[in-house]
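FYI, it's all coordinate maths here, none of it is from the lab. None of the values given here were measured: they were computed from a predicted structure. Here Cβ is always computed from backbone atoms with ideal geometry, including for glycine, and neighbour counts include all displayed protein chains.
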Amino acid sequence: MTNLDPLSRVTACQRALISRGYSGLGTGIGWSCILLDLVDDLLGIDPRIRLTHVRQKYGELRVVLEPADNPSAQSPAALEAVARAQARSLVTCERCGRTPATIDWSREWVETRCRWHHAYDESQRG
């Protein structure tokens, strides 16, 4: 998937997530590849671990791992995988997956956006 343009790449990642049973995630399509990599990392730790309550808050990826009674879901390896995904989310545009991106605190809804989406949003403001 590395040779694809950014939108095609995140669309392919989104399709892969859906094929693995993850749909209707609470983030923008731009973070689909981050989530797919996280799912792959977690499968390598313990195939029973699932992402739940996936969302964006203050421009950062937030996830809950289940089942909570599975010690692997709270293992250092799983928590490290989540931390890596969260760190990537802070520099990846939620809309298109481009990097670098920054958190924009100037709007009602805080988002991590690339320069292009920031400029586009500013041009749409009245």
*For the range 6-90, give the magnitude of the charge dipole about the Cα centre (Cβ charges: +1 Lys/Arg, -1 Asp/Glu; no others), in debye to the nearest 20.*
320
*Angle between the Cα long axis of helix 76-89 and the longest principal axis of the chain, 0 to 90 degrees, nearest 10?*
10
_Helix 32-45 vs. the chain, principal-axis angle (Cα, 0 to 90°, nearest 10)_ = 10
*Given only helices, namely DSSP H runs of n ≥ 4 each adding -39500 (n - 2.57), what is the per-residue ellipticity at 222 nm of the chain, to the nearest 500 deg cm²/dmol?*
-13000 deg cm²/dmol
*Dimensions (Å) - the chain, Cα atoms, principal axes, largest first*: 50, 31, 22
